[in-house]
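Peer 1: Sharing a structure with you now.
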Amino acid sequence: GGKEKNDFLSLTEHEKFIFTKNLSYQILLDSVQGRGIGHLLNDCSNPEFEAYCKAWEFFETIHSYSYTYIIKNVYANPSEVFDEILTDKEVLKRTTSVTKYYDDLINSFKEDSINDRKRKLYLTLVSINILEGIRFYVSFACSYAMAQNKKMEGNAKIISLINRDENLHLAFTQTILKLLRDNKDEGFQHIIKENEDAVVNMYNDAAKEEMEWAHYLFKDGSILGLNEQILVQYMKHLTN
């Protein structure tokens, strides 16, 4: 409401930049996620998994809309922010790291061998697991840091609810990946073994991208209690 708008106007220029770019990235990534999850169902034979994915799609759409709502609430001309999302190279670069796995899966042809199809599905599931577990760390941390300084607290409340959903989605993808790894009957154990190095690289790349994002966000200044060095140290800790 009005307090959120007044809070936003009171932010420094670099705080406004951090706030806006994080929301821009979150809008795009959850839009991708909302549209992508349904493609997992092409290989689904489990009704519980199907039901969960349908609900999951809905929540990702709500997340994207929530970020959009926040921007509409604080900007006099929000369309300028939305237009910039698809021209910001840093935002697009981070999103491409996720979309390429969905693209590989979606563009999988009937001529693909079963192994190729399984590999694409497995790497997409890993990519989703990384998205839910790592790719929002910096942006969420910024929201919470601002709220600790009594700024944009309404935004942080919305983010905390979305964060709760992401933790559920993370637990779900980890359950599926563990099932594929431990249950021989699923037929994925050789795929997982063959792609061990690729998966380690995916996690390391995601952590590096979070560090690069922190560098981009904090290039003109930090938030009280949070800066690039703090975030980089934590991301290094995650990957060790």
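Peer 1: With a 1.4 Å probe and all protein chains in place, put ASP7, ASP197 in order of accessible area, largest first.
Peer 2: Listed by decreasing accessible area, they come as ASP197, ASP7.
Peer 1: Continuing with the same structure: Treating the angle as unsigned and between 0 and 90°, give the value, to the nearest 10°, between the Cα long axis of helix 89-106 and the longest Cα principal axis of the chain.
Peer 2: Helix 89-106 and the main axis of the chain meet at about 20 degrees.
Peer 1: Putting +1 on Lys and Arg Cβ atoms and -1 on Asp and Glu Cβ atoms, find which of ALA76, ASN115, ASN42 reaches farthest to the positive end of the dipole of the chain.
Peer 2: ALA76
Peer 1: Heavy atoms of the protein only, probe of 1.4 Å, neighbouring chains included. What is the accessible area of ASP220 in Å², nearest 10?
Peer 2: Only protein atoms counted, so the area is about 100 Å².
Peer 1: With springs only between Cα atoms under 10 Å apart, run a GNM on the chain and tell me which of GLN229, GLN33, GLN174 wobbles the most.
Peer 2: GLN229
Peer 1: Now a separate question. For the range 32-82, with only Lys/Arg (+1) and Asp/Glu (-1) charged at the beta-carbon, what is the dipole magnitude about the Cα centre, in debye rounded to 20?
Peer 2: It comes to approximately 220 debye.
Peer 1: How large is the charge dipole for the range 64-122, taken about the Cα centre, if only the Cβ atoms of Lys, Arg (+1) and Asp, Glu (-1) carry charge, to the nearest 20 debye?
Peer 2: So the dipole magnitude of the range 64-122 works out to roughly 340 debye.
Peer 1: Using 1/(1 + (r/R0)^6) with R0 = 41 angstrom and r between the beta carbons of GLN189 and GLU4, what's the FRET efficiency to the nearest 0.05?
Peer 2: 0.25
Peer 1: Next question, about the same structure. Work out the length of the dipole vector of the chain about its Cα centre, built from +1 on the beta-carbon of each Lys and Arg and -1 on the beta-carbon of each Asp and Glu, and round it to the nearest 20 debye.
Peer 2: For this selection, approximately 380 debye.
Peer 1: Right, here's the next one. What angle, in degrees between 0 and 90 and rounded to the nearest 10, separates the Cα long axis of helix 153-182 from the longest principal axis of the Cα atoms of the chain?
Peer 2: For helix 153-182, the angle is close to 10 degrees.
Peer 1: Expressed in nm to one decimal, what extension gain is obtained for the pair THR61 and GLU84 from 0.36 nm per residue of sequence separation less their Cα-Cα distance?
Peer 2: 6.3 nm
Peer 1: Largest first, what is the accessible-area ranking of ARG181, ARG94, ARG117 with a 1.4 Å probe?
Peer 2: ARG181, ARG117, ARG94
Peer 1: Considering the values (i) 20.5; (ii) 18.9; (iii) 18.1, which represents Kirkwood radius over Cα pairs in Å as calculated for the structure under consideration?
Peer 2: The value matching this structure is (ii).
Peer 1: Let me ask something additional. Please sort by residue number the GluC sites (Glu not before Pro) in the range 147-195 whose DSSP state is loop and whose Cβ has at most 11 other Cβ atoms within 10 Å.
Peer 2: For GluC sites (Glu not before Pro) across the range 147-195 that sit outside H, G, I, E and B with at most 11 neighbouring Cβ atoms in 10 Å, the list is empty.
Peer 1: Helix 228-239 versus the longest principal axis of the chain: what angle, 0 to 90°, nearest 10, using Cα atoms?
Peer 2: Once rounded, one gets 20 degrees.
Peer 1: Among ILE191, ALA145, HIS169, which residue has its Cα furthest toward the positive end of the charge dipole of the range 142-213, with +1 on Lys/Arg Cβ and -1 on Asp/Glu Cβ?
Peer 2: ALA145
Peer 1: Can I ask one more? For LYS3, which aspartates and glutamates qualify as cross-link partners when the Cα separation must be under 12 Å and same-chain residues fewer than eight apart are set aside?
Peer 2: GLU153
Peer 1: Turning to a different aspect of this structure: For q values of 0.11, 0.12, 0.20 Å⁻¹, compute log₁₀ I(q)/I(0) with the Debye formula on a Cα-only model of the range 119-240, without solvent.
Peer 2: Rounded to two decimals, the profile gives -0.46, -0.54, -1.12.
Peer 1: Among the listed pairs LYS54/LYS151; LYS16/LYS93; LYS72/LYS219; LYS54/LYS157; LYS72/LYS120; LYS89/LYS120, give every one whose C-alpha distance is greater than 32 Å.
Peer 2: Over 32 Å apart, Cα to Cα: LYS54/LYS151; LYS72/LYS120.
Peer 1: Could you tell me the distance between the Cα centroids of the range 62-141 and the range 170-215, to the nearest Å?
Peer 2: What the calculation gives is 17 Å, centre to centre.
Peer 1: What order do GLU209, GLU60 take when sorted by accessible area (1.4 Å probe), most exposed first?
Peer 2: Largest to smallest exposure gives the sequence GLU209, GLU60.
Peer 1: Next up: Between ILE158 and THR175, what length comes free when the chain is fully extended (0.36 nm per residue of separation minus the Cα-Cα distance, one decimal in nm)?
Peer 2: Residue separation times 0.36 nm, minus the Cα-Cα distance, leaves 3.5 nm.
Peer 1: What's the carbon and sulfur percent of the range 1-54's accessible surface, probe 1.4 angstrom, rounded to a whole number?
Peer 2: 54
The values are calculated or read from the model by the stated rules, or taken from the named source; none is laboratory data. All values derive from a computational prediction rather than experimental measurement. Backbone-built Cβ (ideal geometry, glycine too); neighbour counts: all protein chains shown. Surface accessibility is based on the protein's heavy atoms, side chains included, excluding ligands, DNA and RNA. Shrake-Rupley method; radii C 1.70, N 1.55, O 1.52, S 1.80 Å.
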